[in-house]
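The values are calculated or read from the model by the stated rules, or taken from the named source; none is laboratory data. What you see is a predicted model, and the numbers here were worked out from it, not measured in a lab. Methodologically, a virtual Cβ is constructed for each residue, glycine included, from the backbone with ideal geometry; neighbour enumeration extends over all protein chains shown. Only protein heavy atoms, including side chains, enter the accessible area calculation; ligands, DNA and RNA are left aside. Shrake-Rupley method; radii C 1.70, N 1.55, O 1.52, S 1.80 Å.
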Amino acid sequence: MKLKGEKQESSDSNEGSKGKMTLVLALVALVSAFGSSFQYGYNVSVINSPAPYMQDFYNQTYFNRHEVPMSSGFQTVLWSLTVSMFPLGGFVGSLMVWPLVNNCGRKGTLLINNLFSIGAAILMGTSELAKTFEVIIFSRVIMGIYAGLASNVVPMFLGEISPKNLRGAIGVVPQLFITVGILVAQILGLNSILGNAEGWPVLLGLTGIPSLIQLLILPFFPESPRYLLIQKGNEQQARQALQRLRGWDDVDDEIEEMRQEDRSEREEGQFSVLSLCTFRGLRWQLISIIVMMMGQQLSGINAVFYYADRIFQSAGVDSKNAQYVTVSIGAINVVMTLVAVFIVESLGRRILLLAGFGLCCVSCAVLTLALNLQNTVSWMSYLSIVCVIVYIIGHAIGASPIPFVLITEMFLQSSRPAAFMVGGSVHWLSNFTVGLVFLYMEAGLGPYSFLIFCAICLATIVYIFIVVPETKNKTFMEINKIMAKRNKVEIQEDKEELKDFHTVPRGQAEKKEVSGSEL
């Protein structure tokens, strides 16, 4: 005997199964991810290679001004600021997500955001000519704000314009471009290319080019149809945008699904962060994104990258060649994220999250053992290399890309901007915390610090296994119903649906409502 929810799912799956990758959809995804997400990755790793030359510039500039050399303590402070201002700016950028996407739209926010990047790129590129290091630190804050907005708005925008059967794959594209950005910065940062005394201002300034490209191309593509219909109430524009994105004229099913979402949310109105945190109907969704974002950043990805050079050197890799090793790790990261794009729709989000965090957990535990024994057992240093590679693979297929996909999927239109603001803030604060605390942790605990990361990965796995549902190939309303059971709330839409799906006998509809409140 079919329940009402199943009836709806079968009709929706017919609609979802015909959602194909059109040229317009592919171009929007590529332009958005290349113009925004790429630069997040690029700026994460761009200052690693030229660090010694930039520090020399700080020293020389200070000496030219004061005619005394800079103290090593002051230099450490300045360099720490240069590194840590980026995640701090990212946190500020996350706080700007909610007002900007609601007032300017998703596409509009990305276009405005490019101005931050282009401005910062010009300042960083000319900093050596202007003989000022303060401008570099200031520009790192601006690039952080840019990355904070980009890391939240791109997944939101792409998640809203994708058909449900491609939402996971397209949702991983921003993370793919983040890894490509990291790799490009590592390659251009090689000593033989731009990672030298003459090349570093160019290396920092190049970040403006993708923004310029996006600023010129993105205006010709459609805005998010969900934003146009649900938030702006403009059905005609929403219909036209959907028709361009889908490549056909019959978009009635999707328009109806959006209307249904709009009706179910009308009573609540737009969520602010405060109302999101206090609303019982979204409690488990909110806890889930906080846990996944903390798990993603506190699982030790920065620490593994930090240790990688040392691990490879202890295995006999020449220190001159260590930078090529870093590039090869970056390449593994890109390849495995690309694999995630192709498998997320077949395997589902849950499996990738559990497998990803599982691989990270095991490799952290084995890495602790290998690092402790590498001086006594000769082949342990090679085991450490394997652990690093396995960890990168685990993070790339699950822990890095999937949490952002799930924020888009677990929240409806009215609460999604506030949810991204919370998730993004947790993401950047955790990133900042790891950067701040890890050096002290490493000094105090040495290799045992990886056991802490192992425990965090394990706790995240347990939470995901118990709480997070599979969202593959489901509409936003279907996912909302699954979470409503977990939150022990009724969904207002049920009465509306009885009108929409009048073919369902009343007894079955009642049975569905009872099952919804049983949990």
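Do we have ASN114 as over 17 Å from VAL202 (Cβ atoms) and in contact with a Leu (Cβ under 8 Å, 6 or more places away or on another chain) here? Criteria met by ASN114.
Has the stretch 374-383 got any residue that is buried (at least 24 other Cβ atoms within 10 Å of the Cβ) and touching a residue at least 24 places away in the same chain (Cβ under 8 Å)? Scanning the stretch 374-383 turns up no residue that is buried (at least 24 other Cβ atoms within 10 Å of the Cβ) and touching a residue at least 24 places away in the same chain (Cβ under 8 Å).
Of all residue pairs spaced 6 or more apart or on separate chains, those with beta-carbon atoms under 8 Å, a first member in the stretch 321-338 that is within 15 Å of TYR306 (Cβ to Cβ) and a second member that is exposed (fewer than 15 other Cβ atoms within 10 Å of the Cβ) and not hydroxyl-bearing (Ser, Thr, Tyr) are GLN323/ASN191. Residues that are over 15 Å from SER400 (Cβ atoms) and not acidic (Asp, Glu) within the stretch 332-360 comprise PHE342, SER346, LEU347, GLY348, ARG350, ILE351, listed in sequence order. When PHE133, PHE116 are checked against the criterion of being aromatic (Phe, Trp, Tyr) and modelled with pLDDT under 95, a single residue qualifies: PHE133. Of the residues in the stretch 343-352, none is within 26 Å of the chain's Cα centre (by Cα), crowded, with 23+ Cβ neighbours inside 10 Å and within 22 Å of PHE438 (Cα to Cα). Within the stretch 168-179, the set of residues being hydrophobic (A, V, I, L, M, F, W, C) and surrounded by 22 or more Cβ atoms within 10 Å (Cβ to Cβ) comprises ILE170, VAL172, VAL173, LEU176, PHE177, ILE178. Filtered by the rule that a residue be of a type outside the set (Asp, Glu) and open to solvent by 10 Å² or more (accessible area, probe 1.4 Å), the stretch 122-132 gives ILE122, LEU123, GLY125, THR126, LEU129, ALA130, LYS131, THR132. Among the residues of the stretch 283-302, some residue qualifies, meaning at least one is under 19 Å from the mean Cα position of the chain (by Cα), surrounded by fewer than 20 Cβ atoms within 10 Å (Cβ to Cβ) and either modelled with pLDDT under 90 or not in a helix (DSSP H, G or I) (or both). For the stretch 58-75, filtered to residues that are touching a helix residue (DSSP H, G or I) at 6+ places or on another chain (Cβ under 8 Å) and open to solvent by less than 40 Å² (accessible area, probe 1.4 Å), the residue that is nearest to GLU134 (Cα to Cα) is TYR58. Could you grab me the full set of residues in the stretch 49-86 that are under 23 Å from ASN431 (Cα atoms), polar (S, T, N, Q), assigned to a helix (DSSP H, G or I) and in contact (Cβ under 8 Å) with a residue 40 or more places away in the chain? Matches in the stretch 49-86: THR82, SER84. Scan the stretch 92-104 and give yes if some residue there is assigned by the TED database to the domain that holds ALA147 and in contact with a Lys or Arg (Cβ under 9 Å, 6 or more places away or on another chain), otherwise no. Yes, because at least one residue in the stretch 92-104 is assigned by the TED database to the domain that holds ALA147 and in contact with a Lys or Arg (Cβ under 9 Å, 6 or more places away or on another chain).
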